[in-house]
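Participant: First the structure, then my questions, so here it is.
Read-outs throughout are calculated quantities, based only on the coordinates presented, and are distinct from any laboratory measurement. Treat the numbers as computed from the prediction; the structure is a model and nothing was measured. Methodologically, a virtual Cβ is constructed for each residue, glycine included, from the backbone with ideal geometry; neighbour enumeration extends over all protein chains shown.
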Amino acid sequence: MNKWYVLALLSLSLLLVRDLAAQQPVPASGNVRLQFPGEIELKSLVDYVSERVGLNILYDEKISTKRIQLKAPNEIPVESLVDLLQSVLRAKGLLLIDSDTPGWKKIVEGERLAGFSGTATETVATGIPVTQVFVLQYADVQQLSTSLTPFLSQPGANAIPLKDQRMLIVTDYPANLARIAKLFELIDQPQPASVTKLITIEHLEAEGLADRLSGLLEARGKAEGLTENKPVGAAVFPDPRTNQLVIIGRRDRIAEVEELIRLLDVPLQLRTEVYTPQILAADRLDRLGRNLLPPGDQKRLYQSVVDRDENVLVVTTTAEIHERLGKLAKQLDVGEQQQAKSRVRFYKLKHVSAADALETLRGIEGETPVSGGP
């Protein structure tokens, strides 16, 4: 065999291998910066995406008459180029679908962007739809994409979220995109980190104070228009063992709760008095005095010690309760003394009837029973 013939076959084989290698898809990795000058032909974007990601695309040459605008100030991942192309095609009433030929995609006509959220004058002034790539730093991309739907021009405008890249590709008219961009500036803000703080309560009970603070925070939240989906920013939990409050929330809200605690946790005007009733039992007077306060305030505003041997009651409470307790002790003690001097006694029977008890007593005294006898 002629050596020149062999060399020719080898050269041809190398050329075929090179062509086949050139047809293999380019790995979609890394980032790219789209630097298209102003309006470009849609065909240019299709060709760029096809070459960059190694995607075979069939399309009609009539799309070359369509023009688009792209705004991508930041680099975007190569793997997001196909999603970007899909968004642009939808705005132009086109779709990228699988072709009948294996390994190929094709562009076909689909739903067209026909509506606009603004006035007719704005529609004329804004011109063709624009595709813009928003790179988010703090907001949840998927959640923001769902929330954005009511703000898009309908039908046809769309938003494609790329969660892993924290990107949102939005296609809409320029005027509406400007509104959306301002909305994103307000939403895409760093969220204040939650912190936990322990505060020792000096003069009140932590449990009761926690209930009061929670009520105040809830009332303020309603006044500010906050709901369950928009929490008030702080939660208060009591630790009765150490009489501390555990506050969890944003730093600014915790500072507000601390200020409320400072205003509420003030010394109570309590004083101690000693009661020495003559006849009235000291423990009974103690029970009556404790009941002068609501159950939630009894532990906080009323402390007492009873000496049953000497019938003495020592009470620490407010001036108002002392005044009421003193009057109550005087009235009841006088009543007990009068009852003690009287020859009439009243007994409340628990287990027998009054008639049976009377019959038994008369029998003991030697009188004739009430029910009859000899």
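Participant: To the nearest 20 debye, what is the magnitude of the charge dipole of the stretch 129-207 about its Cα centre, counting +1 on the Cβ of each Lys and Arg and -1 on the Cβ of each Asp and Glu?
Facilitator: 460 debye
Participant: Roughly how many whole Å is it from the C-alpha centroid of the stretch 258-299 to that of the stretch 69-112?
Facilitator: 77 Å
Participant: Which of K43/K71; K182/K222; K43/K163; K299/K350; K43/K105 have a Cα-Cα distance over 25 Å?
Facilitator: With Cα atoms farther than 25 Å apart: K182/K222; K43/K163; K299/K350.
Participant: I've got another one for you. Ordered by residue, what ³J(HN,Hα) values in Hz, to whole numbers, does the stretch 179-189 give under the Karplus form 6.51 cos²θ - 1.76 cosθ + 1.60, where θ = phi - 60° and Gly and Pro are x?
Facilitator: Couplings: 5, 5, 4, 5, 5, 5, 4, 6, 7, 7, 10 Hz.
Participant: Here is a follow-up. Using the Karplus equation 6.51 cos²θ - 1.76 cosθ + 1.60 (θ = phi - 60°), what ³J(HN,Hα) coupling, rounded to whole Hz, does each residue of the stretch 273-282 give in order, writing x for Gly and Pro?
Facilitator: Once rounded to whole Hz, the list reads 10, 10, 10, 10, x, 7, 10, 4, 5, 5.
Participant: How large is the convex hull of the Cα atoms of the stretch 140-279 per residue, expressed in Å³ as a whole number?
Facilitator: Normalising the Cα hull of the stretch 140-279 by residue number yields 174 Å³.
Participant: In addition: For K105, list long-range residues whose amide hydrogen, built 1.01 Å from N in the peptide plane, is under 5 Å from its own amide hydrogen.
Facilitator: The answer is N56, I57, L58, S99.
Participant: Calculate, in nm to one decimal, what D309 and R220 gain on full extension: separation in residues at 0.36 nm each, minus their alpha carbon distance.
Facilitator: In short, 26.7 nm is gained.
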